[in-house]
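Engineer: My questions will all concern the structure given below.
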Amino acid sequence: MTCRPLPLALGLALVFLASAAVARAEADASSDVAVEIVFWESVRDGDAAGFEAYLQQYPEGAFAPLARAALRRIEQADKAAERQTPPLQTQFDTLVEQDGVLVGRDCPECPEMVVVPAGSFMMGSPPYEQGRNDDEGPVHHVTFRAPFAAGRYEVTFAEWDACSAAGGCGHRPEDYGWGRGDRPVVDVSWEDAKGYVQWLSRRTGKEYRLLSEAEWEYAARAGAETAYSWGDAIGVNLANCDGCGSQWDFSKTAPVGSFGANAWGLHEMHGNIYEWTEDCWNGSYRGAPSDGSAWLSGDCAKRVLRGGSWFLSPAFLRAAFRIRITTGNRNGGIGFRVARTLTP
């Protein structure tokens, strides 16, 4: 039987179809690889949950060895942190229980401190949160591998004036006729706040500092995922703001401790005064640290304020709300809260 050659047109058609099939297969493979790369880039600087999610989706993926190695490093770091977690009795000069919370202090004129536990949270606000701004995203996972201490209250005029009397703080803040004592110090710049924590560190021999932005939000939420630590509605007389239902609304600051503590023993994280943080300003969380440390790149002439203030509406008090302001700014709505690194 003699084989007859295919007509030229049919032969070309078959070659074209075969080439198209190969091209489609290559395109599909290329698309799959691109999706995997995007997935990896989204988790590569994150925590264990991200690496585990990648391995679940791509157990034999191109980056699987890197994900497994990262998980081993995280496990080793967690074990080391557990070994180094210090007993609280050795951390502060005095440690007493108040209202079911352990409160530490390093000197009579020092701020009262509470310990914020190690853990993880989702930082930022979801797209559906009422009052949300674009700079509150993307929502991202942040992990604190060790506990840290934070001021139970905002730094008060009494604590600031003790620093001034000791020669550590040169600026005398205006109290606007509201009184000093146990009211939160206002009229202080970021540089003023940094000067206070530097004096406090010298005074105590301990590492006092400002909270990072991530530490602030983690401490403010105290395990909650709602707009405020108590829920998604501002409620009545739970904070000091324009529309909070307190006796100080839109008139002046409230003395520290005027409102109940959150689940971790911190007071007035929402409202009363804005609080300086350590971080430079960035307009989104793309590239933000995932370990809770301060973000020290970006627009460092401006720093991040958190918490809202007595003259602002409730939307500004949300745990995720953030705003920038120049480091030299002083006014009656801005103060700060201190943090302290715990030593092994």
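Engineer: Checking THR277 against (1) touching a helix residue (DSSP H, G or I) at 6+ places or on another chain (Cβ under 7 Å); (2) among the polar types (S, T, N, Q); (3) part of a loop (DSSP other than H, G, I, E, B); (4) closer than 26 Å to ASP175 by Cα, which single condition isn't satisfied?
Structural biologist: Failing condition for THR277: (3).
Engineer: In this structure, is ALA294 in contact (Cβ under 8 Å) with a residue 24 or more places away in the chain, in contact with a helix residue (DSSP H, G or I) (Cβ under 8 Å, 6 or more places away or on another chain), part of a loop (DSSP other than H, G, I, E, B) and crowded, with 17+ Cβ neighbours inside 10 Å?
Structural biologist: Considered against the rule, which asks whether it is in contact (Cβ under 8 Å) with a residue 24 or more places away in the chain, in contact with a helix residue (DSSP H, G or I) (Cβ under 8 Å, 6 or more places away or on another chain), part of a loop (DSSP other than H, G, I, E, B) and crowded, with 17+ Cβ neighbours inside 10 Å, ALA294 comes out as yes.
Engineer: Among the residues of the stretch 229-242, is there at least one that is over 17 Å from PHE321 (Cβ atoms), touching a helix residue (DSSP H, G or I) at 6+ places or on another chain (Cβ under 7 Å) and of a type in the set (A, V, I, L, M, F, W, C)?
Structural biologist: no
Engineer: Okay, moving on. If I filter the stretch 190-198 for residues that are more than 21 Å from TRP276 (Cα to Cα), touching a Gly at 6+ places or on another chain (Cβ under 9 Å) and assigned by TED's automatic domain parsing to the domain that holds GLY257, do I get at least one hit?
Structural biologist: Taking every residue of the stretch 190-198 in turn, none turns out to be more than 21 Å from TRP276 (Cα to Cα), touching a Gly at 6+ places or on another chain (Cβ under 9 Å) and assigned by TED's automatic domain parsing to the domain that holds GLY257.
Engineer: Continuing with this model, one more query. Please verify whether ARG324 is more than 20 Å from ASP175 (Cβ to Cβ), in the same structural domain as VAL188 (by TED's automatic domain parsing) and buried (at least 17 other Cβ atoms within 10 Å of the Cβ), treating the condition exactly as stated.
Structural biologist: yes
Engineer: Scan the stretch 224-237 and give yes if some residue there is farther than 30 Å from ASP47 by Cα and either among the β-branched types (Val, Ile, Thr) or buried (at least 24 other Cβ atoms within 10 Å of the Cβ) (or both), otherwise no.
Structural biologist: Scanning the stretch 224-237 turns up at least one residue that is farther than 30 Å from ASP47 by Cα and either among the β-branched types (Val, Ile, Thr) or buried (at least 24 other Cβ atoms within 10 Å of the Cβ) (or both).
Engineer: When you check SER120 against the structure, is it free of Cβ contacts under 8 Å to residues at least 40 places away in the same chain and either buried (at least 20 other Cβ atoms within 10 Å of the Cβ) or among the hydroxyl-bearing types (Ser, Thr, Tyr) (or both), yes or no?
Structural biologist: no
Engineer: Here's another thing I want to ask about it. Exactly one condition in (1) within 21 Å of ASP93 (Cα to Cα); (2) in contact with a strand residue (DSSP E or B) (Cβ under 8 Å, 6 or more places away or on another chain); (3) assigned to a helix (DSSP H, G or I) is false for ALA162; which is it?
Structural biologist: Every condition holds for ALA162 apart from (2).
Engineer: So, of the residues in the stretch 298-316 that are in contact with a strand residue (DSSP E or B) (Cβ under 6 Å, 6 or more places away or on another chain) and part of a loop (DSSP other than H, G, I, E, B), which turns out to be nearest to GLU129 (Cα to Cα)?
Structural biologist: Only one residue tops the list, namely GLY307.
Engineer: Could you list all residues from the stretch 97-117 that are out of contact with any Gly (no Cβ under 6 Å at 6 or more places or on another chain), surrounded by fewer than 20 Cβ atoms within 10 Å (Cβ to Cβ) and either not in a loop (DSSP other than H, G, I, E, B) or not assigned by TED's automatic domain parsing to the domain that holds SER284 (or both)?
Structural biologist: Across the stretch 97-117, the qualifying residues are GLU97, GLN98, LEU102, VAL103, ARG105.
Engineer: With the structure loaded, tell me whether PHE250 is free of Cβ contacts under 8 Å to residues at least 60 places away in the same chain and of a type in the set (Phe, Trp, Tyr) or whether it fails that test.
Structural biologist: Considered against the rule, which asks whether it is free of Cβ contacts under 8 Å to residues at least 60 places away in the same chain and of a type in the set (Phe, Trp, Tyr), PHE250 comes out as no.
Engineer: Restricting attention to the stretch 132-159, report how many residues are part of a loop (DSSP other than H, G, I, E, B) and touching a Pro at 6+ places or on another chain (Cβ under 8 Å).
Structural biologist: 8
Engineer: For the subset of the stretch 156-211 comprising residues that are among the small types (Gly, Ala, Ser) and in contact with a helix residue (DSSP H, G or I) (Cβ under 6 Å, 6 or more places away or on another chain), which member is nearest to THR327 (Cα to Cα)?
Structural biologist: It comes out as GLY168.
Engineer: Could you check, for the stretch 122-129, whether at least one of its residues is within 16 Å of ASP47 (Cβ to Cβ) and part of a strand (DSSP E or B)?
Structural biologist: So far as the stretch 122-129 goes, yes, one or more of its residues are within 16 Å of ASP47 (Cβ to Cβ) and part of a strand (DSSP E or B).
Engineer: Given the options GLU136, GLU191, GLU207, GLU174, name the one that is within 17 Å of ALA224 (Cα to Cα) and surrounded by fewer than 23 Cβ atoms within 10 Å (Cβ to Cβ).
Structural biologist: GLU136
The values are calculated or read from the model by the stated rules, or taken from the named source; none is laboratory data. Note that the coordinates shown come from a computational prediction; the quantities given were computed from them, not determined experimentally. Ideal geometry is used to build each Cβ from the backbone, glycine not excepted, and the neighbour counts take in all protein chains shown.
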